[in-house]
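Each reported figure results from applying straightforward, stated rules to the coordinates on display, with no laboratory input. Quantities reported herein were computed from a predicted structural model and do not represent experimental measurements. Here the Cβ positions follow ideal geometry from the backbone for every residue, glycine too, while neighbour counts run over all protein chains shown.
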Number of protein chains: 2
Amino acid sequence: MNVHNSLEMQNRITSLFKIEYPIIQGGMVWASGWRLASAVSNAGGLGIIGAGSMYPEVLREHILKCQEATSKPFGVNVPMLYPELNEIMKIIIEMGVKIVFTSAGNPKTWTSYLKEKGLTVVHVVSSLKFALKAQEAGVDAIVAEGFEAGGHNGRDETTTLVLIPAVKEQLKIPLIAAGGIGSGRTMLAAMVLGAEGVQVGSRFVASNEASSHQLFKQEVVNAKEGETQLTLKELAPVRLLKNKFYNDVQTAYANGASVEQLKELLGRARAKKGMFHGDLEEGELEIGQVAALIHDIKPAAQIVSDFMAEFKEAKLAVAKL
Amino acid sequence: MNVHNSLEMQNRITSLFKIEYPIIQGGMVWASGWRLASAVSNAGGLGIIGAGSMYPEVLREHILKCQEATSKPFGVNVPMLYPELNEIMKIIIEMGVKIVFTSAGNPKTWTSYLKEKGLTVVHVVSSLKFALKAQEAGVDAIVAEGFEAGGHNGRDETTTLVLIPAVKEQLKIPLIAAGGIGSGRTMLAAMVLGAEGVQVGSRFVASNEASSHQLFKQEVVNAKEGETQLTLKELAPVRLLKNKFYNDVQTAYANGASVEQLKELLGRARAKKGMFHGDLEEGELEIGQVAALIHDIKPAAQIVSDFMAEFKEAKLAVAKL
């Protein structure tokens with residue numbers, strides 16, 4: 001039973017997506033397929049299918065299954081560096097997806113096309129400058145993601161605590177905070193800073209419905225404060241768990257590796273090897289700093305309801321300050 | 001006139017220091033002498049003299065002048081890498097200072113001695129592990145400082161948004177949040193995360209009473225999001241404004257500079273040159289990411305009262321969420 005009054009959380013983000021709670025599950029490679037996305041949407045948040053690790057036909061299948069599994073709104077996240085971008089966008093439109101989150105690229109390239117087709121478009125940024133560019137490109141909302149976030153990350157290294165108020169000062173469209181948010185308490189902190197919603201990644205990796213390998217999920221639960229690091233900045237900065245592969249990268253740096261040598265070391269499919277196949281030594285294990293605060297694997301719906309319970313509790317605590 | 005009821009903010013931090021508001025002005029090299037510390041203490045916060053950039057006899061003079069300028073509690077921050085540490089501690093005790101913040105070293109070395117002499121001891125850390133070590137060493141409170149903070153910084157790069165809840169989960173003694181806090185709104189966010197007080201550095205650099213050079217203060221006001229970076233990690237990680245000196249360091253890295261070459265490039269008194277003498281090109285300009293959110297230079301007392309007004313406003317906004 002849902003003990004929260006759905007009206008209490010209405011704001012521009014819940015209205016934009018027609019969702020109950022302003023909790024957006026981040027699109028994540030090798031984690032967020034239709035099972036996770038539909039579970040989050042059914043629980044009143046916004047589920048997102050992460051297209052970044054899917055061939056076009058795989059994405060088509062995930063969208064179809066998600067549509068069968070939920071009647072609630074859900075979205076697709078598209079990293080714009082994707083090689084088959086045209087094909088991905090075509091499928092999204094053909095299948096009647098209503099919400100697209102774009103990341104890792106220029107928001108001007110696709111926003112007006114998607115908007116003309118009637119989609120809601122959100123762009124993910126890691127700086128104020130790109131937040132304003134995305135607003136100018138006509139997106140409906142922004143996700144501003146701080147340095148603490150897992151996976152690919154910005155070069156300016158601005159943290160969520162600074163980035164959200166800095167973007168909020170100048171942005172007119174709704175702002176979603178990401179990076180470091182794994183509880184309803186942190187969600188409230190993000191809203192105090194000016195966000196109207198939160199995008200949550202790492203916490204949903206440690207969910208029953210994430211397609212991540214069980215060994216990786218357990219490693220996220222095991223991770224302690226200080227056990228992730230942003231690295232490979234010469235290629236594309238990425239936050240990883242400090243495992244054998246990470247140590248190999250550090251050794252390469254210590255030996256003065258060139259960009260070419262780093263690329264060769266990274267090779268292909270490192271992320272799949274780690275996060276999907278569960279190779280904790282040789283795989284790339286992308287996760288946020290907030291892994292330090294994740295202590296269990298649980299159903300996505302429970303993550304959403306725990307967020308709202310913690311949020312409510314934190315609100316009551318604020319009233320007593 | 002103070003419009004805030006002093007009783008509304010009583011918690012373990014205000015009790016520990018016998019202050020009105022749980023706002024601690026961080027001890028900063030070339031910024032926080034007796035003028036700033038006494039102004040903050042007189043305004044109801046806790047002013048801190050930063051011993052890190054003072055010869056022992058200079059520190060003695062600052063303590064004396066601070067005692068003359070305020071009857072309220074104030075403290076001294078001592079980086080424990082200081083070469084004349086014994087002399088510094090001797091002066092602190094002789095002069096009857098009641099509060100010491102230690103940083104950059106092992107809290108075991110001095111805590112029991114200082115506690116025996118009746119002082120309140122706080123240790124600054126950048127990780128959960130060291131927070132627990134400091135608690136075990138018997139300190140009265142912890143400052144946990146995130147990656148976004150200016151100046152010297154931890155190796156694990158954990159941000160304030162993650163560090164505060166991670167420390168709070170396990171710490172029993174009171175917790176002060178630092179890094180990225182430049183407004184009452186962010187102060188409330190830090191308290192939502194579990195802090196009972198905040199240590200504020202950068203915001204107080206841009207105050208009338210900071211001993212920093214006027215040109216540096218103005219540069220802090222000018223700084224935009226993304227214009228600081230943590231660098232020189234091989235020596236001691238330090239967050240700087242990206243000026244000519246920073247660019248020279250990056251060029252040295254690109255040329256494969258050794259630790260010795262980096263040390264030589266850094267040389268001596270770079271920080272003094274930048275922050276105290278106002279050489280914006282050749283000096284080391286230590287400031288936090290929150291500089292992006294600092295838009296004016298104002299009296300320290302106004303910073304404190306603005307914090308409390310913003311805090312109150314943010315509290316009211318939370319009640320409406």
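Taking springs between alpha-carbon atoms closer than 10 angstrom, which of B:Ile93, B:Ile23, B:Ile13 fluctuates most in the Gaussian network model of chain B? Per the Cα network of chain B with a 10 Å cutoff, B:Ile93 tops the list.
Amide hydrogen proximity for A:Val143: with H placed 1.01 Å from N in the peptide plane, the residues at 5 or more positions away or on another chain lying under 5 Å are A:His123, A:Val124, A:Val125, A:Ile176. Backbone geometry of the range A:228-240 corresponds, through the Karplus equation with coefficients 6.51, -1.76 and 1.60 at θ = phi - 60°, to 3J(HN,Hα) couplings of 10, 8, 7, 9, 6, 5, 6, 8, 8, x, 9, 9, 10 Hz, x marking Gly and Pro. Here the Debye sum runs over all C-alpha atoms of chain B as equal scatterers in vacuum, and log10 of I(q)/I(0) at q = 0.11, 0.12 Å⁻¹ comes out as -0.63, -0.76. In chain B, helices alone account for a calculated mean residue ellipticity at 222 nm of -11500 deg cm²/dmol, with every DSSP H run of four or more residues adding -39,500 (n - 2.57). Across identical copies of the chain, A:Gln170 has label-point separations of 3.9 nm, listed in ascending order, with the point defined 7 angstrom from Cα along Cα→Cβ. Measuring between their Cα centroids, the range B:182-237 and the range B:244-279 lie 21 Å from each other. Here, the range A:151-270 is characterised by an Rg to Rh ratio of 1.02, where Rg is the alpha-carbon radius of gyration and Rh the Kirkwood radius.
Taking every full run of DSSP H in chain B, the ones that stretch at least 18 Å from end to end by Cα along their long axis and average 0.5 or higher on the Kyte-Doolittle scale are B:300-319. In the assembly of identical copies, B:Ala317 has its label point, taken 7 Å from Cα in the direction of the beta carbon, separated from the corresponding points by 2.0 nm (ascending, one decimal). For A:His277, the label point sits 7 Å beyond Cα toward Cβ; its separations from the matching points on the remaining copies run 5.8 nm, from shortest to longest.
Scoring A:212-221, B:288-297 by mean Cβ neighbours within 10 Å over their residues and listing the highest first yields B:288-297, A:212-221.
Measuring from centroid to centroid over Cα atoms, what is the spacing of the range B:60-92 and the range A:152-172 in Å? Rounded to whole Å, the Cα centres lie 37 Å apart. Give the lysines whose C-alpha is closer than 21 Å to that of A:Lys217, dropping any in the same chain fewer than 8 places away, or say none. Within reach: A:Lys242, A:Lys244, A:Lys272, A:Lys273, A:Lys298. Shielding of peptide B:178-191 by partners, expressed as the average count of other chain Cβ atoms within 10 Å per residue Cβ, is 4.
Within 10 Å of each Cβ of B:169-176, how many other protein chain Cβ atoms are there on average?
On the way: counts 4, 1, 0, 0, 0, 0, 0, 0.
For peptide B:169-176, the averaged partner shielding equals 1.
Listed by chain and number, the lysines whose C-alpha is less than 19 Å from the C-alpha of B:Lys18, apart from same-chain residues fewer than 8 away, are B:Lys72, B:Lys98, B:Lys115, B:Lys117. Sorted on the mean count of surrounding Cβ atoms within 10 Å across their residues, most packed first, peptides A:176-184, B:249-257 read A:176-184, B:249-257.
Select from the range A:42-136 those trypsin sites (Lys or Arg not before Pro) which occupy a DSSP coil region and have at most 16 other Cβ atoms within 10 Å, ordered by residue number.
Values: sites: A:Arg60, A:Lys65, A:Lys90, A:Lys98, A:Lys108, A:Lys115, A:Lys117, A:Lys129, A:Lys133; in loops: A:Lys98, A:Lys108, A:Lys117.
In loop regions of the range A:42-136 (DSSP not H, G, I, E or B), the sparsely surrounded trypsin sites (Lys or Arg not before Pro) are A:Lys98, A:Lys108, A:Lys117.
Aspartates and glutamates within cross-link reach of A:Lys172: Cα-Cα under 13 Å, excluding same-chain residues under 8 positions apart? Excluding near neighbours in sequence, the set is A:Glu136, A:Asp140, A:Glu196.
Neighbouring Cβ atoms from other chains, within 10 Å of the Cβ of residues in A:289-299, number 3 on average.
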